[in-house]
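Quick notes on the structure that follows.
The values are calculated or read from the model by the stated rules, or taken from the named source; none is laboratory data. Remember, it's a predicted structure, so these values are computed and weren't measured experimentally. With ideal geometry, Cβ positions are generated from the backbone for all residues, glycine too; neighbour counts draw on all protein chains shown. Only protein heavy atoms, including side chains, enter the accessible area calculation; ligands, DNA and RNA are left aside. Shrake-Rupley method; radii C 1.70, N 1.55, O 1.52, S 1.80 Å.
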Amino acid sequence: MVSAVDTYGSDGAAPQVIPLTSPERAQLVQRRNASPCTHLWQRLDQVKDPEIPVLSLWDLGVLQDVIETNDGVTVIITPTYSGCPAMDMMADEIRLCLAAAGVENVTIETRLSPAWTTDWLDQEAKQALRQYGIAPPARTNSAGQQTVICPHCGSHHTTTISEFGSTACKALYRCLACEEPFDYFKPL
Amino acid sequence: MSEQIDTNNADTLARFAIRLGDDALILGQRLCEWSSNAPTLEEDLALSNVALDFLGRARMLYGYATQIRGGSEDELAFTRDERQYENLLLVELPRGDFAYTMLRQYLLDAFEDLYFAALTQSTDPTLAAVAAKTVKEVDYHLRRSTDWIRRLGLGTEESHQRLQNATDELWGYVDELFETDTLEQGLIKQNIAVDRADLQTAWCKRVTELLSASNISVPETPWQVSGGRRGLHTEHLGHLLSEMQYMQRAHPGQQW
Ligand SMILES: [Zn+2]
């Protein structure tokens with residue numbers, strides 16, 4: 001496991017040492033690296049989350065596996081939230097993306113287990129979320145509390161406005177330092 | 001997975017998945033009615049997002065049932081009559097005011113928190129996977145509804161009164177949460193389903209503690225109704241279905 005110092009703004013508190021890759025993410029990366037159809041995985045990196053266009057389905061952990069057989073290609077995805085209305089659109093975009101590469105027979109399978117977790121987001125994905133103005137999922141401390149950091153100014157002084165923001169996966173927060181509201185990607 | 005199940009059992013399993021799906025679909029539909037009617041914009045978003053989680057859960061369960069015995073999710077949702085729905089009565093009651101909606105939500109969230117945690121141990125891998133997905137979502141549903149019970153109970157005189165009224169009205173519907181019929185008992189023996197009766201003590205303790213802490217008195221209701229699992233519903237379900245099913249009834253198979 002790789003460790004890194006998280007230098008992201010922290011109100012003068014000591015920098016936190018956090019692992020770069022969660023075991024869950026490492027497992028996904030291993031599956032991709034072991035796959036013989038690297039070109040298809042790379043191709044699918046172009047498919048972005050329709051609601052968070054800075055993240056690809058791979059970055060999100062929605063893309064679980066790509067299997068090429070003589071009959072065509074099976075793409076396995078997992079839903080972020082049960083009611084995610086973007087799943088059908090994601091499936092369409094996977095088909096379009098592969099069709100553009102000349103792959104015709106595409107089957108899309110939804111896998112429910114293991115259930116999607118925000119632990120599948122890696123550090124680059126979290127950085128991309130911050131730059132897009134969304135606070136990435138925070139870790140929960142032993143008291144069950146999360147420190148949600150403002151993606152605009154880096155302050156830890158933030159407060160919940162609502163458990164739900166623009167989509168089910170986000171909560172609405174406000175920064176008490178810069179007073180800007182922002183979306184928070186909830187840990188799941 | 002269906003090949004592991006003998007045909008007798010397959011139909012029972014499909015019906016079980018469908019009734020859990022019915023609970024989720026009907027409550028999801030009731031929550032959707034708040035879209036653009038909620039007291040604040042944030043609540044509007046929250047209620048609609050919770051509704052989506054329930055609709056998504058219904059789709060996973062109906063999808064599983066159609067894998068077992070054919071048909072389609074849409075047929076299950078849009079072409080069955082009132083008597084063919086096997087949802088709990090609690091979920092079909094009209095949405096009432098905001099206190100009523102949040103109290104129903106809390107009573108169910110507190111139940112589902114226990115129920116789906118137990119269902120993750122089901123010997124049926126698909127039901128266990130749906131439960132594992134659901135349990136994560138129930139966690140934030142429950143956090144939100146718990147917070148609202150406190151706020152309404154300890155809020156103004158009016159919010160307190162409305163929450164008390166809702167409690168008095170809904171308490172007669174909670175026993176049904178813990179009832180099992182022969183269909184579920186058969187599945188409980190195989191460790192596929194969860195025995196609801198086992199959850200009642202923990203649920204009662206948790207719910208009465210929160211209500212008491214929110215200055216709400218728990219009624220000693222002399223009446224308890226049930227019947228949803230037998231297809232015997234209140235007069236409200238038919239109206240809900242007529243609205244929800246109208247388009248597919250008028251234009252069967254319609255898509256857009
Ligand atoms: Zn800020």
**Message:** For a distance above 24 Å, tell me the whole-number percent of Cα pairs in region A:23-120 that qualify.
**Reply:** 14 percent
**Fill in**
Taking A:125-135, B:221-231 and ranking on average Cβ neighbours within 10 Å, highest first, one gets A:125-135, B:221-231
**Asked** By its C-alpha gyration tensor, with a ≥ b ≥ c as the square roots of the eigenvalues, how is region A:133-185 shaped: rounded for a/c under 1.5, else prolate for a/b larger than b/c, else oblate?
**Response** oblate
**Request:** Mind giving me the nanometre distance, one decimal, between the label points for B:Leu232 and A:Met89, set 7 Å out from Cα along Cα→Cβ?
**Result:** 4.6 nm
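Percentage of Cα-Cα pair distances in region B:165-256 greater than 20 Å, rounded to whole percent?
Across region B:165-256, Cα pairs with separations above 20 Å total 57 percent.
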**Item:** Cysteines in chain A that, by Cβ-Cβ distance, have no pairing candidate under 4.7 Å
**Value:** A:Cys37, A:Cys84, A:Cys97, A:Cys169
**Message:** Given the options B:Thr180, B:Ala99, B:Leu163, identify the residue whose Cα lies farthest towards the positive end of the charge dipole of chain B (+1 on Cβ of Lys, Arg; -1 on Cβ of Asp, Glu).
**Reply:** B:Thr180
**Message:** Which one, B:Ala213, B:Ala65, B:Ala193, has the greatest fluctuation when you compute a Gaussian network model over chain B with C-alpha springs under 10 angstrom?
**Reply:** B:Ala213
**Prompt:** With +1 on each Lys and Arg Cβ and -1 on each Asp and Glu Cβ, how big is the dipole of the protein assembly as shown about its Cα centre, in debye rounded to the nearest 20?
**Reply:** 640 debye
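What whole-number value in Å² describes the accessible area per residue of the protein assembly as shown for a 1.4 Å probe?
For the protein assembly as shown, the per-residue accessible area is 46 Å².
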**Request:** Could you order peptides B:31-42, B:84-95 by the average number of other Cβ atoms within 10 Å of their residues, highest first?
**Result:** B:84-95, B:31-42
**Prompt:** Say the dipole of chain A comes from +1 at the beta carbon of Lys and Arg and -1 at that of Asp and Glu; which of A:Val73, A:Ala26, A:Trp41 then lies farthest toward its positive end?
**Reply:** A:Ala26
**Sequence ranges B:106-112, A:80-86, ranked by mean other-Cβ count within 10 angstrom, highest first** = B:106-112, A:80-86
**Complete:** Note on the protein assembly as shown: C-alpha Rg/Rh, Kirkwood Rh, two decimals, gives 0.97
**Fill in**
Interface residues of region A:105-130, defined as losing at least 40 Å² of accessible area versus the chain alone with a 1.4 Å probe, are A:Leu112, A:Ala115
**Prompt:** Chains A and B: buried accessible surface, both sides, probe 1.4 Å, rounded to 100 Å²?
**Reply:** 1800 Å²
**Message:** Give the average, rounded to an integer, of partner chain Cβ atoms located within 10 angstrom of each Cβ in B:130-142.
**Reply:** 4
**Message:** With a 1.4 Å probe and all protein chains left in place, how much of the accessible area of the protein assembly as shown comes from carbon and sulfur atoms, in whole percent?
**Reply:** 49 percent
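Take the cross-link list A:Lys48/A:Lys126; A:Lys186/B:Lys133; A:Lys48/B:Lys136 and give me the ones stretching past 18 Å between alpha-carbons. Intermediate results must be reported in sequence, preceding the final value.
Numbers: A:Lys48/A:Lys126 15 Å; A:Lys186/B:Lys133 15 Å; A:Lys48/B:Lys136 24 Å.
Beyond 18 Å: A:Lys48/B:Lys136.
On average, how many beta carbons from a partner chain sit within 10 Å of the beta carbon of a residue in A:164-173? All intermediate terms of the calculation are to be shown ahead of the outcome.
On the way: counts 12, 4, 2, 3, 11, 1, 2, 3, 4, 0.
If you average over the peptide's residues, the count of other-chain Cβ atoms is 4.
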**Request:** Might you report the magnitude of the Cβ-based charge dipole of region A:23-120 about its Cα centre, with Lys and Arg at +1 and Asp and Glu at -1, to the nearest 20 debye?
**Result:** 220 debye
**Message:** Give me the inter-chain shielding for B:38-49: mean count of other chain Cβ atoms within 10 Å, whole number please.
**Reply:** 4
